[in-house]
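The values are calculated or read from the model by the stated rules, or taken from the named source; none is laboratory data. Bear in mind the structure is a predicted one, so any value in this text is a computation, not a measurement. Methodologically, a virtual Cβ is constructed for each residue, glycine included, from the backbone with ideal geometry; neighbour enumeration extends over all protein chains shown. With ligands, DNA and RNA removed, areas are computed over all heavy atoms of the protein, side chains included. Shrake-Rupley method; radii C 1.70, N 1.55, O 1.52, S 1.80 Å.
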Amino acid sequence: MLEFVIPCLLGLESLVGDEIKKLGLSDVRVENGRVLCRGEARDIARLNINLRCGARVMMVLGQFPARSFEELFQGVRAIPWEDYLPRDAAFPVKGYAISSQLHAVSACQSIIKKAMVERMKAAYGLEQFPETGVKYQVRFSIFKDEAAICLDTSGEGLYKRGYRAVGVEAPLRETLAAALIMLTPWKKDRILVDPFCGSGTFPIEAAMMAANIAPGMNRSFTAESWANLIDKKLWYEAIDEANDLIDDQIETDIQGYDIDGDVVRMARQNAENAGVDHLIHFQERPVSALSHPKKYGFIITNPPYGERLEEKEALPGLYREFGESFRKLDSWSAYMITSYEDAERYFGRKADKNRKIYNGMIRTYYYQFLGPRPPKKNRS
């Protein structure tokens with residue numbers, strides 16, 4: 001059995017754990033900022049293709065105390081690297097050290113690399129390694145003097161779904177958007193509106209969930225080229241498994257609005273890239289015009305934070321307009337993630353629930369304004 005660790009944002013561990021359990025992996029353990037589990041080689045593909053909230057999928061090769069450079073060196077050298085890396089493999093090393101006696105990351109990188117080379121010299125009978133072949137990214141963590149040495153099977157983070165226009169960064173990563181949706185009671189038979197849709201992340205992630213489209217279907221992963229560790233056919237089987245579960249002919253009501261027409265056009269293109277453009281209605285519309293005839297709907301949105309001074313001056317009026325529009329939707333619920341400290345004040349209502357979440361290095365708040373529960377016959 002292989003051991004995997006899936007890092008994630010603090011507060012989202014239980015969501016990732018539930019996703020892993022649904023995939024049928026064993027020994028799922030939820031810890032701060034990560035989830036560990038055990039599986040087989042085929043699960044490298046299944047985890048990467050199917051996880052919506054995890055940051056990346058890493059294969060654990062070794063865990064041991066590392067209170068000194070000597071302990072770190074010997075612990076790394078004891079790992080049978082020849083079982084994982086071909087002789088021409090490229091093996092860069094990245095990592096971090098927190099609350100540990102070893103805190104100089106660059107020094108730890110050098111020690112780990114040296115220990116790997118010493119082990120592989122003995123195994124392959126080579127003095128130098130050209131590193132001209134396939135890349136095997138080594139990642140280490142040292143936390144409270146305990147080292148974990150892993151291979152990163154994902155490559156780019158799992159938030160890179162492959163549908164966003166190249167070079168366009170959004171304020172909200174796809175993995176976090178998916179998690180925020182999953183933290184609400186929204187189901188595919190209920191209306192969902194994002195009045196600040198930007199590049200369309202919330203509507204697209206919701207539509208992919210509604211149609212049961214696996215988030216990793218439109219991208220590649222580093223481990224696809226690891227022929228010595230995972231057979232290519234296992235990737236095809238994982239894709240076939242995910243394809244069989246797709247139902248993109250469902251009826252759903254997902255809408256995205258933005259005041260900027262160019263942004264709306266970009267959102268439509270992203271939705272088309274994700275294969276869900278037929279499930280989402282995008283429209284150029286200001287938040288002051290937010291309205292809908294249906295009852296018991298959901299607003300899930302990421303309004304502007306006001307990171308630039310000129311934007312900050314407009315925030316009171318923007319949040320006030322949002323709050324006034326929401327009050328007209330008297331049976332709806334609204335979920336809003338923002339770093340704006342005065343959001344509740346100008347929105348005009350105290351949130352029923354509030355959850356602190358770090359979006360990268362930005363401290364944000366996930367405000368939850370809960371509407372009435374629908375009659376039983378209308379519930380999903």
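Filter segment 191-226 down to the residues that are in a helix (DSSP H, G or I) and more than 21 Å from I259 (Cβ to Cβ) and list them by number. E205, A207, M208, M209, A210, T222, A223, E224, S225 - these are the residues of segment 191-226 that are in a helix (DSSP H, G or I) and more than 21 Å from I259 (Cβ to Cβ).
Close contacts from segment 314-329, counting a first residue that is in contact (Cβ under 8 Å) with a residue 24 or more places away in the chain and a second that is open to solvent by less than 80 Å² (accessible area, probe 1.4 Å) and among the charged types (D, E, K, R), with Cβ to Cβ under 8 Å and a gap of 6+ residues or different chains, come to L315/D342; P316/D342; Y319/D342.
Scanning segment 112-132 for residues that are within 34 Å of the chain's Cα centre (by Cα), open to solvent by 40 Å² or more (accessible area, probe 1.4 Å) and of a type in the set (A, V, I, L, M) yields no hits at all. The set of residues in segment 265-294 that are within 12 Å of I204 (Cα to Cα), open to solvent by 70 Å² or more (accessible area, probe 1.4 Å) and assigned to a strand (DSSP E or B) contains only H281. Selection of segment 253-293 for residues being polar (S, T, N, Q) and without any contact (Cβ under 8 Å) to a residue 40 or more places away in the chain yields Q283, S288, S291. Filtering A214, A207 for residues that are closer than 30 Å to F91 by Cα and either hydrophobic (A, V, I, L, M, F, W, C) or out of contact with any Pro (no Cβ under 6 Å at 6 or more places or on another chain) (or both) leaves a single hit, A214. Being in contact with a helix residue (DSSP H, G or I) (Cβ under 8 Å, 6 or more places away or on another chain) and open to solvent by 20 Å² or more (accessible area, probe 1.4 Å) holds for only one residue in D262, D253, D258, and it is D258. Among the residues of this structure, G24 counts as one that is open to solvent by 30 Å² or more (accessible area, probe 1.4 Å) and not in a helix (DSSP H, G or I).
Per-residue answers, yes or no, for (1) over 21 Å from M59 (Cα atoms); (2) in contact (Cβ under 8 Å) with a residue 12 or more places away in the chain; (3) not polar (S, T, N, Q):
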{"residue": "T132", "(1), (2), (3)": "yes, yes, no"}
{"residue": "R139", "(1), (2), (3)": "no, yes, yes"}
{"residue": "I142", "(1), (2), (3)": "no, yes, yes"}
{"residue": "C150", "(1), (2), (3)": "no, yes, yes"}
{"residue": "S154", "(1), (2), (3)": "no, yes, no"}
{"residue": "G157", "(1), (2), (3)": "no, yes, yes"}
{"residue": "G162", "(1), (2), (3)": "yes, yes, yes"}
{"residue": "R173", "(1), (2), (3)": "yes, yes, yes"}
{"residue": "L176", "(1), (2), (3)": "yes, yes, yes"}
